[in-house]
Amino acid sequence: MNKKVLEVSLEKFTPQGDEENMEIIKSRKITYQQKVLELARKAENSLNVLNITKNVQQYRDEGIICDLFEGNAPYRPRYVVPDYARFMKNGSKFLELSAPKNIWEATNNLLILYKHVPSITSFPVYIGNIDYLLEPFINDEKEAYNAIKLFLIHIDRTITDSFCHANIGPLDTKAGRMILDIQREIQTSIPNISLKYSKNTPDSFAISAINTAFATAKPSFANNEIFENEFGTEYAIASCYNGLPIGGGSFTLVRLNLAGLAKKTKYKKEFLNVLLPDAVERMASYMDERIKFLVEESNFFEGSFLVKEGLISKDRFTAMFGMFGLAECVNHFIDSDRLEDRFGHSEMADNIGLEIIERLYEEVNKHYNEYCKFSNGKFLLHAQVGIDSDEGISPGCRIPIGEEPELYKHLLQSSKFHKFFPSGIGDVFAFEKTAKNNPQYVLDIIKGAFKENMRYISFYASDSDVIRITGYLVKRSEMEKLERGEQVLRDTVELGLGSVKNQGILSRKVRKV
């Protein structure tokens, strides 16, 4: 650490900072592991290594630009998406692991590697297309079922962050069927799972996935044809619902608060032609600065065995330009309390929303970053799912909770925005418990939505313990424990509880069959 950085760091250790550290150390509500992570974040944020301009800092202070707690000194990419198939084929010299020969070695090797995959959460946000990874090792099905069950329980108990994400599909496999059956049996909130759904996915496999989703709020359904068209076959759904290249990932995810930005003017024209381009320029420059430090100074890519063994490559990374609060932004310019005039209900309001996103897409794609080689120097637009403190602001392009229209109208309205967001957008639907008796009905809804070019869809049963908050899963029972002041194993439960209180997650419209 150079002298200048050290001096700045020491200045940050104020008596107030010491008090906050002691609160973490003395807390009875968080586990030892959670304390370690909190203290590490405090240490990172005591540094000041980024050159942030005054106009960027102004928007950060106002909450218009939000870096989602990435920290003041980027020393790892936000999202890392290893090539697990390569790992299974070659093993790892660094980890002293040979290529696996049976189901026990396969699951054990993956669990070891997961401990060494970084991300912004310090846990892996992508753990592979796990059905395809494990399928070659299934000989005795009873033995494989037991091994995969222990594998999934181990993940839930050790990767205690529900931004951890697995993929299955699009093809039907024995391993995929087992994973779905086991999830119905153990009903864990981790890992999150997406089914890459395509025209080649058998209905019976999709219905098994729907039955699992009603039991445990996963898997979600990703439109495989859309993602493959944009990323090629080597893509992953990571973290919440983020489309990213396998063997790479995302350097950073920063988000733009459209609702907050809209409050700076009464005039849509000024917003579109002045405020929005300026805000994009400010945020893009901030993302550039974060990426520059990570690539040029942190030595992450020079020091990681994941790079040396070909599991990730710097050239397969991109960056995600996030946004949220479109509904509130549009409603600001509509200026009407009548539901029929507002976003999600009025053709005029929805057209304004499309106009805003089209302009945002245009402005973001004007920017060039030399390190985002996978995406040809461009940032990928992302409809960010929100955080627990987003009171009164809706995730991404979603219709506000409590204002949802009928299901078919909701799907048609939502699908219009999905083409702009290659790195992720999705909608969540809660179904009344009787829908469990008619999974074919839900499959028909998914097929219809994907024909309208919807990218990603999630659902759960209204009586399920595991529920989808935004892009991640939390158990109701664990939120209740946390609210009673008890410790919980999974750190995302606190985020879920905050979202329930501030965003009304449990008040989503329940869809009936």
So which GluC sites (Glu not before Pro) in the stretch 54-124 are both in a DSSP loop and have at most 14 other Cβ atoms within 10 Å of their Cβ?
62, 96
Cβ charges +1 (Lys, Arg) and -1 (Asp, Glu), total dipole of the stretch 72-215, debye:
420
Based on other C-beta atoms within 10 Å, arrange 388, 181, 18 from fewest to most.
18, 181, 388
Nearest 0.05, what FRET efficiency do residue 483 and residue 233 give at R0 = 30 Å with Cβ-Cβ as r?
0.10
For 216-225, 71-80, 283-292, ranked highest to lowest by mean beta-carbon neighbours within 10 Å, the order is 216-225, 71-80, 283-292
Can you compute the label reach from residue 452? Point 7 Å from Cα along the Cβ direction, backbone N cut-off under 16 Å, restricted to the stretch 473-513.
511-512
Where a ≥ b ≥ c are the square roots of the eigenvalues of the C-alpha gyration tensor, would you call the chain rounded, which needs a/c under 1.5, or, failing that, prolate if a/b is larger than b/c, or oblate?
rounded
Classify the stretch 382-457 as rounded, prolate or oblate from the Cα gyration tensor: take a ≥ b ≥ c as the square roots of its eigenvalues, call it rounded if a/c is under 1.5, otherwise prolate when a/b beats b/c and oblate if not.
oblate
Residue farthest toward the positive end of the dipole of the chain, with Cβ of Lys/Arg at +1 and Asp/Glu at -1: which of 45, 95, 267?
95
Separation of the stretch 233-256 and the stretch 460-513 by C-alpha centroid, Å?
24
So in the chain, what percent of DSSP beta bridges are antiparallel if you round to the nearest 5?
35
Which of the trypsin sites (Lys or Arg not before Pro) found in the stretch 474-505 are loop residues per DSSP with 12 or fewer other Cβ atoms within 10 Å of their Cβ?
484
How big is the dipole moment of the stretch 396-513 about its Cα centre under a simple scheme where the beta carbon of each Lys and Arg is +1, that of each Asp and Glu is -1, and everything else is neutral? Debye, nearest 20, please.
380
In debye, nearest 20: dipole of the chain around its Cα centre with unit charges on the Cβ of K, R (+) and D, E (-)?
400
Between residue 116 and residue 139, 0.36 nm times their residue separation minus their Cα-Cα distance comes to what?
5.4 nm
Filtering the chain for DSSP H helices with an axial alpha carbon extent of at least 27 Å and a Kyte-Doolittle mean of at least -1.0 returns 276-296
Cross-link reach from residue 115 to lysines, straight Cα distance under 26 Å and at least 8 residues apart if same chain, gives 29, 35, 42, 89, 93, 101, 149, 196, 218, 308, 314, 475
Just order 311-319, 147-155, 403-411 by mean Cβ neighbour count inside 10 Å, highest at the front, would you?
311-319, 147-155, 403-411
Could you give the length gained on full extension between residue 406 and residue 31, defined as 0.36 nm per residue of separation minus the Cα-Cα distance, in nm?
130.7 nm
Principal axis box of the stretch 237-350, alpha-carbon based, largest edge first, Å:
58, 27, 16
Strictly greater than 25 Å: what percent of every Cα pair in the stretch 20-161 meets that?
46
Cα centroid distance between the stretch 376-420 and the stretch 306-358, in Å?
6
Would you please put 450-460, 418-428, 361-371, 226-236 in order of how densely packed they are, using the mean number of other Cβ atoms within 10 angstrom per residue and starting with the highest?
418-428, 450-460, 226-236, 361-371
Fully extended contour minus Cα-Cα distance, from residue 204 to residue 506, at 0.36 nm per residue
105.7 nm
So, in nm, how far is label residue 41 from label residue 337 when the simple model puts each one 7 Å beyond its Cα toward the Cβ?
3.8
Express the Stokes-Einstein translational diffusion coefficient of the stretch 459-513 in µm² s⁻¹, to the nearest whole number, given a Kirkwood radius over alpha-carbon pairs, 25 °C and a viscosity of 0.890 mPa s.
211
Please find the FRET efficiency linking residue 93 to residue 299, where r is the Cβ-Cβ separation and R0 is fixed at 25 Å, and quote it to the nearest 0.05.
0.80
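Each reported figure results from applying straightforward, stated rules to the coordinates on display, with no laboratory input. Everything numeric in this text was worked out from a predicted model, so none of it was measured. Every residue, glycine among them, receives a Cβ derived from its backbone with ideal geometry; neighbour counts consider all protein chains shown.
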